[in-house]
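Asker: Handing you this structure, nothing more for now.
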Amino acid sequence: MEDIVTGGCLCGAVEFSIKNEFKFLLFCHCEQCRHISGSAHASNLFSETNSLTLLKGEKDIQQFDFPGRDFTKVFCKTCGCGLPFKSKNLDLDIVPAGSLHSEPSYLRQGKVFLAECPDWVRTSRETKHFEGYPDFFRD
């Protein structure tokens, strides 16, 4: 495993590095995380290393703070990709797992706010799995 991992946005405007020593990885199914990710959950890594370094793109970063709740989304102004940030209330850097260029190292993982997880997210044994695009497009 690498000691330092890098990441960035899809368009390449923003790049960062951080020590590859994440405390945990959480898959959050809360309503806000589903909306902000446009997916079934947000996948965030949490670091206590205080090593998050912006390598380029400071002017390309936008921050949204959800009113009335400790909830933040940092993203690239151009492509909208989620980016890491320093938590306001915890001494942790929060890194969207999908923004990394390589595999992260973490001690624990968990799925949280499952009470808010909609039925369409829950998988079943009947769900088909594919290595690439499904054959649905050929039907």
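The values are calculated or read from the model by the stated rules, or taken from the named source; none is laboratory data. Predicted, not measured: the structure shown is a model, and the values here were computed from it. Every residue, glycine as well, gets a Cβ built from its backbone with ideal geometry; the counts of neighbours run over all protein chains shown. Heads up: the accessible areas ignore ligands, DNA and RNA and are worked out on the full protein's heavy atoms, side chains in. Shrake-Rupley method; radii C 1.70, N 1.55, O 1.52, S 1.80 Å.
Asker: Computed from these coordinates, which is Cα extents along the principal axes in Å: (1) 55, 28, 25; (2) 56, 33, 19; (3) 46, 34, 31?
Answerer: Correct label is (3).
Asker: How large is the helix-only mean residue ellipticity at 222 nm for the chain, computed as the sum of -39500 (n - 2.57) over DSSP H runs with n ≥ 4, divided by its residue count, in deg cm²/dmol to the nearest 500? It would help to have the intermediate numbers written out before the result.
Answerer: On the way: 1 runs with 7 residues, N = 139.
Here the helix-only value at 222 nm equals -1500 deg cm²/dmol.
Asker: Would you check the accessible area of Tyr106, probe 1.4 Å, heavy atoms only, in square angstrom rounded to 10?
Answerer: Number for this one is 80 Å².
Asker: What accessible surface, in Å², does a 1.4 Å probe find on Ile36, ignoring ligands, DNA and RNA and rounding to the nearest 10?
Answerer: 50 Å²
Asker: Ignoring any ligand, DNA or RNA, what whole percent of the accessible area of segment 67-135 comes from carbon and sulfur when the probe is 1.4 angstrom?
Answerer: 52 percent
Asker: What is the local net charge at Leu114, summed over the other residues whose Cβ is closer than 14 Å to its Cβ (Lys, Arg +1; Asp, Glu -1)?
Answerer: Details: positive: Arg34, Lys111, Arg122; negative: Glu31, Glu116, Asp119.
Local net charge: 0.
Asker: Also: How many Å² of accessible area per residue for the chain, probe 1.4 Å?
Answerer: About 66 Å² of surface per residue is accessible.
Asker: Sticking with this one: Shape verdict for segment 92-139, please, from the Cα gyration tensor: rounded (a/c under 1.5), prolate (a/b greater than b/c) or oblate. Intermediate results must be reported in sequence, preceding the final value.
Answerer: Working: a/c = 2.72, a/b = 1.46, b/c = 1.86.
Oblate.
Asker: Here's something else I'd like to know. With the chain treated as a Gaussian network of Cα nodes joined by springs under 10 Å, which of Ala115, Ala40, Ala97 yields the largest mean-square fluctuation?
Answerer: The residue with the greatest mean-square fluctuation here is Ala115.
Asker: Give the shape of segment 64-105 as rounded, prolate or oblate, defined through the alpha-carbon gyration tensor: a ≥ b ≥ c are the square roots of its eigenvalues, a/c under 1.5 means rounded, and otherwise the shape is prolate if a/b is larger than b/c and oblate if not.
Answerer: oblate
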